[in-house]
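One structure is given here, and the rest of the page talks about it.
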């Protein structure tokens with residue numbers, strides 16, 4: 001026989017079917033019957049036994065010789081052993097592949113089931129997170145409403161006491177009484193600072209708070225602060241000076257003022273002798289505003305700690321605490337909002353420098369230079385007619401005492417209608433108005449009514465305990481400056497000076 005796939009030569013020796021080339025008798029009988037009926041058998045595959053007993057897979061075409069008397073056959077035989085083996089191997093491979101496919105399918109089904117479970121769990125978790133977020137947002141809104149209401153109720157009497165205290169401080173009193181007034185003023189100022197810081201840190205944590213950028217002359221930002229803190233520095237035996245260039249910055253006036261106010265306040269607070277200097281340096285496209293002091297200084301390893309909430313250095317007793325330690329934490333939050341850089345340099349025992357770098361802008365028209373800083377900040381209140389609108393009688397009386405002591409003519413009213421009656425057709429030089437009035441009206445409504453009545457943009461300052469972003473946005477839209485309660489006399493005096501100077 002020849003190799004796999006080949007065909008053998010014609011079988012030379014004829015043998016009878018009874019001699020048997022086939023493996024089994026049953027198979028022999030099937031072939032015999034087929035040949036007798038059909039006379040041939042083609043493409044028949046079977047196994048033959050070799051002489052040594054091994055088996056051989058073959059493909060045969062068998063013919064029954066019709067001319068032979070004794071059922072002689074002729075067979076063409078091809079060895080297909082290798083093909084059969086290849087088929088077996090292929091079948092085994094197919095079986096193994098099928099098993100692997102089935103196993104992988106089971107794995108994928110298991111994985112899909114796990115993924116479905118994970119998706120269900122994730123959806124459940126997301127649902128719980130959304131519910132928790134909604135609860136937190138609702139709690140935050142409730143907190144804001146509570147803070148707005150509580151701060152108004154808390155700060156109203158505190159504001160009245162503050163105004164009365166400011167009036168007493170400017171009055172001629174015996175030394176013992178003046179000392180008691182000064183101590184009361186210091187204690188009240190400390191309480192105000194704590195409350196203001198707590199309200200500010202809460203407002204700065206609100207995600208919807210946005211900075212309002214514009215161009216401002218740096219002197220217009222810093223000079224009111226120098227005026228505000230001038231008397232504070234004098235009371236502490238500290239000199240306060242400013243060296244301000246005629247440069248313009250692109251920033252949020254209110255937020256930058258808050259940073260510098262904290263810097264100056266801390267510098268005066270922690271300087272026992274010497275002075276505080278506010279200066280500026282141009283660094284490329286930035287203006288670096290620096291507040292220098294000759295205070296106790298800060299160790300370098302404490303630089304990060306001072307910006308943490310409720311943290312004060314070198315405070316061993318409660319009586320030594322000044323504020324609640326939120327001032328620089330507020331500064332850091334505002335710096336992130338303004339996208340500006342805060343820097344600290346200090347030497348223990350020699351003083352510190354706190355600085356903030358803000359972008360420069362094209363310079364605004366140069367203002368006429370005054371003879372001195374105090375001259376430029378002097379408030380021209382002598383003979384000025386100021387309208388004060390507030391729904392609290394005690395606030396009206398306190399404001400009247402303070403403003404009259406500064407030389408102003410004061411007109412008091414509980415609302416816009418009462419103000420129009422009291423003004424008797426003569427417009428005021430400026431309006432000081434509370435935000436929350438009676439009957440659901442606001443100070444904005446009152447100012448709008450008065451401006452419409454007199455057909456002129458009367459200068460106005462909004463005085464409020466409301467620190468919510470909604471209130472701040474409304475006042476920004478009206479381009480109306482804000483003073484938060486409790487009102488500081490120095491800050492009021494400085495803002496009136498700027499407002500009336502611009503109006504003139």
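Nothing in this text is a laboratory measurement; each read-out follows from the coordinates by a stated rule. All values reported here derive from a predicted model rather than from experimental measurement. Cβ coordinates were reconstructed from backbone atoms using ideal geometry, including for glycine residues, and neighbour counts include every protein chain displayed.
Order 446-457, 282-293, 426-437 from most to least packed using the mean count of other Cβ atoms within 10 Å.
426-437, 282-293, 446-457
Were the residues from residue 123 through residue 455 laid out at 0.36 nm apart, the gain over their Cα-Cα distance would be 113.5 nm.
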